Structures are given as structure tokens and as C-alpha cells.
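Please treat every number below as a calculation from the coordinates, not as lab data. All figures in this text were calculated on a predicted structure; none of them were measured in a lab. Positions of Cβ are generated from backbone atoms using ideal geometry, with glycine treated the same way; all protein chains shown enter the neighbour counts.
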Amino acid sequence: MEDFDKFAHDYKAILDKSLELGGETGEYFSKYKADYIARHIGKDFRGKILDYGCGIGLLSAILSNNFPYASINGFDVSALSIEHVPETLKKKGQFTSDQNLLTRDYDLIVIANVLHHIEPKDRQAVITQLKGMIKAQGKIIIFEHNPLNPITCKVVRESPIDKGVVLLPSVETLSYLRNAGFKDLQLKFIVFFPKFLSALRWAEPILSWLPLGAQYTAIGRNN
């Protein structure tokens, strides 16, 4: 996985700049993901969540607000990014760059736009490792950029954070979950309309089957 230490100080500004084409900010997409997760597992969820690849905690912070009864934890390979996680968030759960501190009792693992930063040869091993950290009947929710969407591809090409990455088709991501032994696999496409077409966003759930969304989600259940 790419070393993000060099981006940690200005991660939010760099991310917002990269997303200008769609007219939204990093906070918008973090909230979008957190709200999507809430619709899937319910706002009364009381389990233990791991935000794998949490960066400076943008998504973790919103997850903490969305799930007041859950324990929110974060992991990132960048120790400097972990240092930039807000102290108020660190007080609510464990945030670390040390994989040895990760446990095997998570009810939900979220891996949001992280897999494309992992070398293709290592992706299956990461998903298999994560499965071993999820409780029975627990779930993994993966968010990824959709390489079939031309706006997504342009944003990725121009983003310094995504320099040199190889995007994953949805079938590749599903294959990792299937090979790791996850059950009840689900695939949905999301984020169809940029800001200037935001009035149409109500229709996005209806279009979740259409492989043209800017991103997609892949969900699996541990047996």
C-alpha cells in the first residue's frame, strides 16, 4: 500500500481539490458512505466497527456520529495520518498503524476506497486477513471507485493521492470476497449525479444495478 505520510498534513485539502470535478468535498463523500452504511445496518447498531484505511479519520468521525452506541476503531498504514486523527475521536476507540493491535472481534469492517491503493498481488491476502478478524455473522462493506465511470477515471488520473493506482472492476472485488469465503454477497453502484444534478439524487437507489455510478459497494457476510 502506498505510503500516505507525505499527504497527511494536507490530506483534506488535496482530497477536496481532487474531487472538484464532481463539485463535492471529502466530507460529502464520507457522509454519503456513513449514511449508506447506516441504511444497511441500522442506526441502532451497537457493535464494533473497524475503519480499515481510516486516514485522518474523516469517515470514522461521521460513523461515530451515526452510530452513537457502536465502538469505532481505525487502522491506517500511515502513522502520521493516525497522529492527525482528532483526539476526541481517539478517546472513543482505538486508532493505530500497528496491525498487531487489531483484534478478531469486529462486527463490521469498512474498507472505503482503499483496495485500489493495495498492490493487485496483495489484495486477496488483505481481504482474507480481514475475514479472520470479523465475528461470525459480521460483515465487510467495501467502497471502491468504478473504472467504468469516465468522470471517476479522470478524477483518479489527476489526483496526487491516486497516482499510479490500478482501479478494480466490481467483478474483481466480488471475487476477493467470494474466494475468502464471504457469503450473501451484494453489489450496488452508487454516486451517479454530480452536484449540479443533485436534484436527481433521489433516484440513485433505483439505479444501483446500473454499472455507471462513480463508485460501487460490495458487501459480504462472515459465516
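Quick one: putting +1 on the C-beta of Lys and Arg, -1 on the C-beta of Asp and Glu, what dipole do you get for the range 5-221 around its Cα centre, in Debye to the nearest 20?
600 debye
As a test of the formula, what do you get for the chain when each DSSP H run with n ≥ 4 contributes -39,500 (n - 2.57) and the sum is divided by the residue count, at 222 nm and rounded to the nearest 500 deg cm²/dmol?
-9500 deg cm²/dmol, from helical runs alone.
Could you tell me which residue out of H84, W209, F143 lies farthest along the dipole of the range 5-221 toward its positive end? Charges go on the beta carbon: Lys and Arg +1, Asp and Glu -1, centred on the Cα centre.
Farthest along the dipole direction, towards plus: W209.
What number comes out for the charge environment of F182, summing +1 per Lys or Arg and -1 per Asp or Glu over other residues with Cβ under 9 Å away?
Every neighbour counted, the sum reads +4.
Among T103, T152, T128, which one shows the biggest mean-square fluctuation in a GNM of the chain, springs joining Cα atoms closer than 10 Å?
In this elastic network of the chain, the residue with the biggest mean-square fluctuation among T103, T152, T128 is T103.
Could you please rank L101, L59, placing first whichever residue has the fewest other Cβ atoms within 10 Å of its Cβ?
The fewest-first ordering by Cβ neighbours comes to L101, L59.
Tally Lys and Arg at +1 and Asp and Glu at -1 over the other residues with C-beta under 11 Å from the C-beta of S71: what net charge comes out?
On the way: positive: R46, K48, K92; negative: D105, D107.
Residues close to S71 contribute a combined charge of +1.
In vacuum, with every alpha carbon of the range 75-117 counted as one equal point scatterer, what does the Debye formula give for log10 I(q)/I(0) at q = 0.18, 0.24 Å⁻¹? Two decimals, please.
Listed by q, the Debye log ratios stand at -0.62, -1.07.
Roughly how far apart, in whole Å, are the Cα centres of the range 180-196 and the range 27-74?
Computed from Cα coordinates, the inter-centre distance equals 16 Å.
Does the range 40-132 classify as rounded, prolate or oblate by the C-alpha gyration tensor (a ≥ b ≥ c root eigenvalues; a/c under 1.5 gives rounded; else a/b over b/c gives prolate, otherwise oblate)?
oblate
Identify all lysines with a Cα-Cα distance to K43 below 25 Å; exclude those on the same chain that are fewer than 8 residues away in sequence.
Here the lysines satisfying the reach criterion relative to K43 are K31, K33, K90, K91, K92, K131, K135, K139, K183, K188.
Diagonalise the Cα gyration tensor of the chain and give the resulting equivalent ellipsoid semi-axes, square root of 5 times each eigenvalue, largest first, whole Å.
Three semi-axes, in Å: 24, 21, 18.
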